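Below is one structure; the comments refer to it alone.
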Amino acid sequence: MFVMATWGLNIVSVKYLTLHMDIQALAAVRIVIAFLTVTLIIKARRGRIPKLGRTELGWVALAGFLVVYAHQVALVSGLRFSSAANGTLIMATSPLLSALLAALFYRERLTLVRISGALLGLLGVGMVVAGSGAQFGLTGWGDAIVFLAVLVFVCGGLVIQRMSRMMDPLGMLWYMYLAGGLMLVVHAALTPASYQADTWQMAWWPWLVLLFSAVIASGVSNIVWNAGIARLGISRAALFVNWLPIFGLLFAALFLDEHVTPTHVAGLACVLGGTWLGLRRAAPVARGEAAAKG
């Protein structure tokens, strides 16, 4: 629950920071600080960073590109035009998309219930986007880019699932942040807007928000999340993501004065209902596999 609260607040924080900082510089600085945070935590636990072979480095680079680089660039770009409320609802489709892509790539059977859940979840996203009204030209594109951010993140999750068989989760996260962070730094260095004085001369409060987003939401929370997956399993841990839009809508209303409309509530109901249907059949399969291994 702590992770979902910090992630919900993080979407609001990133939306706030896009108003004060160049988006490419923002993405790069967040991940560099998160990388340093994970490094300090590994050192504090007296852990070792494992050495990787060529095959493992290739998988880490792919995961870093999808989960860190592509996801962060799409997220900050989308939230620049979308609202934090819309963003949290769209991000809530990640468990549903994870279940669908896992069914496709790992040959799990796509049942009618799971397909119905996918359609219901997409209907909820469509309601939120359509509810943007007269600003559909900008906000609608922002929502679409946020959805792309979710999609590449979920695709990266499939890569992480494969990597988890041969790597420690904490070491894997370190290498992912290293690879994705380098990509983001190069991208920001090639973006002229990153050198604008306004980006680096913010007041103390935006810098504090940035530190929260990088250290707590992107660093500590990801470590806690990985530990939760290891303890509960991905099917049970994914159910907690249902709280993400609830926290996100609450924090968007509190800190950004965004209005939660009936369309948001209806979209939330569709997304949560679709996620419940999409994950409904996953738990028995996971238990059956655990029993077979035992």
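The values are calculated or read from the model by the stated rules, or taken from the named source; none is laboratory data. Since we're looking at a predicted model, the values are computed, not measured. Positions of Cβ are backbone-derived with ideal geometry, glycine not excepted, and every protein chain shown enters the neighbour counts. Just the protein is used for accessible areas: all its heavy atoms, side chains included, with ligands, DNA and RNA removed. Shrake-Rupley method; radii C 1.70, N 1.55, O 1.52, S 1.80 Å.
When a/c is below 1.5 the answer is rounded, else prolate if a/b is larger than b/c, else oblate, so apply that to the range 24-83 with a ≥ b ≥ c taken from the square roots of the Cα gyration tensor eigenvalues. Because a/c hits 1.5 or more and a/b fails to exceed b/c, the range 24-83 counts as oblate. Centroid-to-centroid, using Cα positions, the range 149-186 and the range 1-71 are 9 Å apart. Entry comment: accessible area of the range 1-68 is 48 Å² per residue, from protein heavy atoms only and a probe of 1.4 Å. The accessible surface of the range 1-112, taken with every protein chain in place and a 1.4 Å probe, is 63 percent carbon and sulfur. You can think of it this way: the chain between LEU190 and TRP205 has 2.7 nm of extra reach, that is 0.36 nm per residue less the Cα-Cα gap. Rounded, prolate or oblate for the range 180-224? Axes are the square roots of the Cα gyration tensor eigenvalues, ordered a ≥ b ≥ c, and the cut-off for rounded is a/c under 1.5. It comes out oblate by the Cα gyration axes.
Stretching THR261 away from ILE115 to a fully extended chain increases their span by 49.8 nm, per 0.36 nm per residue minus the current alpha-carbon distance. Taking amide H as placed 1.01 Å from N in the peptide plane, the amide H of ASP168 sits under 5 Å from none that are at least 5 places away or on another chain. Of CYS155, CYS270, the residue with the largest accessible area leads and the full order is CYS155, CYS270 (1.4 Å probe). If R0 is taken as 35 Å, the Cβ-Cβ distance between MET1 and TRP141 corresponds to a FRET efficiency of 0.60.
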